[in-house]
Amino acid sequence: MDYKIALLPGDGIGPEIVGEAVKVLDAVGAKFGHTFSYEKAPVGAAAIDATGNPYPDETHEVCKASDAVLFGAIGDPKYDNDPSAKVRPEQGLLKMRKSLGLFANLRPLAVFDSLAHRSPLKTEIVRGADFLCVRELTGGMYFGRPQGRSEDGNTAYDTCVYTREEVERILKLAFEQARLRRGKLTVVDKANVIATSRLWRQIAKEMAPQYPDIELEFMFVDNAAMQIIQRPTHFDVIVTENLFGDILTDEASVISGSLGMLPSASIGEKAALFEPIHGSYPQAAGKNIANPMATILSAAMMLEHLGLSTEAAAVRKAVNLAIEKGVVTEDLVNEGEAPASTTQVGDFVAGNI
Ligand code: IPM
Ligand code: MN
């Protein structure tokens, strides 16, 4: 089959890591008889520089016309230190999520046995941790209106809004993901305080009879923040609203000790986007040292999404082999061993499909 992939490399190391994922996709195509045709489009600071807009209309059209989007990273220090900047790369990301309807952000967290010792937590706590965070991505306080300041500037407000429709579709996706995994779903909320959380909890309880095979539990977000550190193996699928999910997924991402290995997917009714969890790492841009694994594993999630499970498994297997053989970038290399470059890691994974 022929698949149309939109490539949004973005800023910093984005172009390099996306390049390696493309290498791996081409190897998959050659091995399994698919063609991937790519169309590149600008996003983030790169797009601001070129067009003044962090998510230009042309980029949106390219994304809409694709079967899937592979995204690198956005963010550039020249915008971070300028609070007066009118357009920021991050706005492009939010606009892209909203306009492509990417309502679900899936972040799997698996601790690779051979990398467990890199975790900031004790090895016996993290070993075997394997859970999926499902974050609602187009609602809540990120997009709720009104948002702003009073006329005198001394009062500020945000609005957290969720409709039944938004809550049902994300919970449905989370229940279904739990079914594909170990059958346990934790709904994380703050239902003791917040009205939107009470709606989430009510709807989850209403839906539960449709999923008798799923063990459903509720957990307050403050408690969940503790449990993720104390008992990460407790979780299978976590589902939560946008802002809680933003915070908890960053927390979860560090416990594996290898941020450079973590992929993510953002799924909508029509579009799907795949990207590494880490940022644009501007200090490493152009140096051929960044870890491309998270982007390569994001491409594996993309293959899965396109219905190509065997192909996705082949990519994961090649990644595992690279780790076993120590073909890894400097963030993962053992002391005294020489790190592989970005392109060497990509070549090794592509060569072992
Ligand atoms: C993320 C990021 C974004 C978010 C920022 C850059 C707007 O932190 O993808 O988690 O808050 O959603
Ligand atoms: Mn975040």
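Of the residues F103, F112, F71, F131, only one is touching a residue at least 12 places away in the same chain (Cβ under 8 Å) and under 26 Å from C160 (Cα atoms); which?
Numbers: F112 fails: under 26 Å from C160 (Cα atoms); F71 fails: under 26 Å from C160 (Cα atoms); F131 fails: under 26 Å from C160 (Cα atoms).
The conditions single out F103.
Just for the range 114-143: of the residues that are among the charged types (D, E, K, R) and in contact with a helix residue (DSSP H, G or I) (Cβ under 7 Å, 6 or more places away or on another chain), which one is nearest to ligand 1 (Cβ to nearest atom)?
Initially, the range 114-143 is screened for residues among the charged types (D, E, K, R), giving 118, 122, 124, 127, 130, 135-136.
Next, from what is left, pick out any that are in contact with a helix residue (DSSP H, G or I) (Cβ under 7 Å, 6 or more places away or on another chain): 127, 135-136.
Values: R127: 26, R135: 8, E136: 11 Å.
The selected residue is R135.
Of everything in the range 232-247 that's open to solvent by 10 Å² or more (accessible area, probe 1.4 Å) and over 16 Å from R201 (Cβ atoms), which residue is nearest to ligand 1 (Cβ to nearest atom)? If you could, list the steps in order and put the result at the bottom.
Kept after step one, since they are open to solvent by 10 Å² or more (accessible area, probe 1.4 Å), are these residues of the range 232-247: 233-234, 241, 243-244, 246-247.
Next, from what is left, pick out any that are over 16 Å from R201 (Cβ atoms): 233-234, 243, 246-247.
On the way: T233: 24, H234: 23, L243: 8, D246: 5, I247: 9 Å.
Going through the qualifying residues, I end up with D246.
Only residues that are part of a strand (DSSP E or B), open to solvent by 40 Å² or more (accessible area, probe 1.4 Å) and of a type in the set (D, E, K, R): list them for the range 124-179, please. Outline the logic, then answer.
Here is the first cut: in the range 124-179, the residues part of a strand (DSSP E or B) are 130-136, 148-149, 156-157.
Then drop every residue that is not open to solvent by 40 Å² or more (accessible area, probe 1.4 Å), which leaves 130, 149, 156-157.
Those that are part of a strand (DSSP E or B), open to solvent by 40 Å² or more (accessible area, probe 1.4 Å) and of a type in the set (D, E, K, R): D130, R149.
What's the number of the only condition in (1) among the aliphatic types (A, V, I, L, M); (2) in contact (Cβ under 8 Å) with a residue 40 or more places away in the chain; (3) over 17 Å from G10 (Cβ atoms) that L273 fails to meet?
Answer for L273: the failing condition is (3).
What helices (runs of 4 or more DSSP H) lie completely within the range 1-65 and have 3 or more residues being open to solvent by less than 30 Å² (accessible area, probe 1.4 Å) and of a type in the set (F, W, Y)?
Values: elements: 14-32, 45-51, 57-64.
Hits in the range 1-65: none.
Table: residues versus (1) basic (K, R); (2) assigned to a helix (DSSP H, G or I); (3) open to solvent by less than 20 Å² (accessible area, probe 1.4 Å); (4) under 25 Å from I5 (Cβ atoms).
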{"site": "M302", "(1), (2), (3), (4)": "no, yes, yes, yes"}
{"site": "A318", "(1), (2), (3), (4)": "no, yes, yes, yes"}
{"site": "G336", "(1), (2), (3), (4)": "no, no, no, no"}
{"site": "Q344", "(1), (2), (3), (4)": "no, yes, no, yes"}
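Residues checked against (1) touching a Lys or Arg at 6+ places or on another chain (Cβ under 9 Å); (2) over 15 Å from R135 (Cα atoms):
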| site | (1), (2) |
| --- | --- |
| P209 | no, yes |
| V221 | yes, no |
| A225 | no, no |
| P232 | no, yes |
| F244 | yes, no |
| L248 | yes, no |
| S253 | yes, no |
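Among the listed residues V161, V221, identify the single one that is more than 20 Å from L109 (Cα to Cα) and more than 19 Å from the chain's Cα centre (by Cα).
Details: V221 fails: more than 20 Å from L109 (Cα to Cα).
Every option except V161 fails the conditions.
Per-residue answers, yes or no, for (1) at pLDDT 95 or above; (2) not aliphatic (A, V, I, L, M):
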{"residue": "Y211", "(1), (2)": "yes, yes"}
{"residue": "I214", "(1), (2)": "yes, no"}
{"residue": "F220", "(1), (2)": "yes, yes"}
{"residue": "A225", "(1), (2)": "yes, no"}
{"residue": "D236", "(1), (2)": "yes, yes"}
{"residue": "L243", "(1), (2)": "yes, no"}
{"residue": "L248", "(1), (2)": "yes, no"}
{"residue": "V254", "(1), (2)": "no, no"}
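Any idea which of (1) in contact (Cβ under 8 Å) with a residue 24 or more places away in the chain; (2) within 16 Å of ligand 1 (Cβ to nearest atom) is the one D250 doesn't satisfy?
Of everything listed in (1) in contact (Cβ under 8 Å) with a residue 24 or more places away in the chain; (2) within 16 Å of ligand 1 (Cβ to nearest atom), D250 misses just condition (1).
State yes or no: is E311 out of contact with any strand residue (DSSP E or B) (no Cβ under 8 Å at 6 or more places or on another chain) and modelled with pLDDT under 95? Walk me through how you get there before you give the answer.
Numbers: out of contact with any strand residue (DSSP E or B) (no Cβ under 8 Å at 6 or more places or on another chain): yes; modelled with pLDDT under 95: no.
Taking the combined requirement at face value, the residue does not satisfy it.
Name the pairs whose Cβ atoms lie under 6 Å apart, with the first residue in the range 194-206 and within 10 Å of F218 (Cβ to Cβ), the second open to solvent by less than 50 Å² (accessible area, probe 1.4 Å) and part of a helix (DSSP H, G or I), and 6 or more positions between them or separate chains?
The qualifying pairs are W200/V167; A204/L171.
Scan L137, L132 and give me the residue that is away from ligand 2 (no atom under 16 Å from the Cβ), under 19 Å from the mean Cα position of the chain (by Cα) and either at pLDDT 95 or above or within 20 Å of A224 (Cα to Cα) (or both). Steps first, please.
Numbers: L137 fails: away from ligand 2 (no atom under 16 Å from the Cβ).
One residue alone meets the criteria, L132.
Is there a residue in the range 281-293 that is within 13 Å of ligand 1 (Cβ to nearest atom) and touching a helix residue (DSSP H, G or I) at 6+ places or on another chain (Cβ under 7 Å)? Reasoning before the result, please.
Of the residues in the range 281-293, the ones within 13 Å of ligand 1 (Cβ to nearest atom) are none.
For the range 281-293, residues within 13 Å of ligand 1 (Cβ to nearest atom) and touching a helix residue (DSSP H, G or I) at 6+ places or on another chain (Cβ under 7 Å): absent.
Please enumerate the residues belonging to the range 249-283 that are among the hydrophobic types (A, V, I, L, M, F, W, C) and more than 10 Å from ligand 2 (Cβ to nearest atom). Break it down into steps so the answer makes sense when it comes.
Filtering the range 249-283 down to residues among the hydrophobic types (A, V, I, L, M, F, W, C) leaves 252, 254-255, 259, 261-262, 265, 267, 271-274, 277.
Across the range 249-283, the qualifying residues are A252, V254, I255, L259, M261, L262, A265, I267, A271, A272, L273, F274.
Select from the range 74-113 the residues that are more than 11 Å from ligand 1 (Cβ to nearest atom), crowded, with 21+ Cβ neighbours inside 10 Å and part of a strand (DSSP E or B) and list them in ascending order.
Result: A104, L106, L109.
The values are calculated or read from the model by the stated rules, or taken from the named source; none is laboratory data. Keep in mind it's a predicted model, so treat the numbers as computed, not measured. Glycine also receives a Cβ, built like all others from the backbone with ideal geometry; neighbour counts cover every protein chain displayed. The protein model used for the area step is the full one, side chains on, heavy atoms only, and it has no ligands, DNA or RNA in it. Shrake-Rupley method; radii C 1.70, N 1.55, O 1.52, S 1.80 Å.
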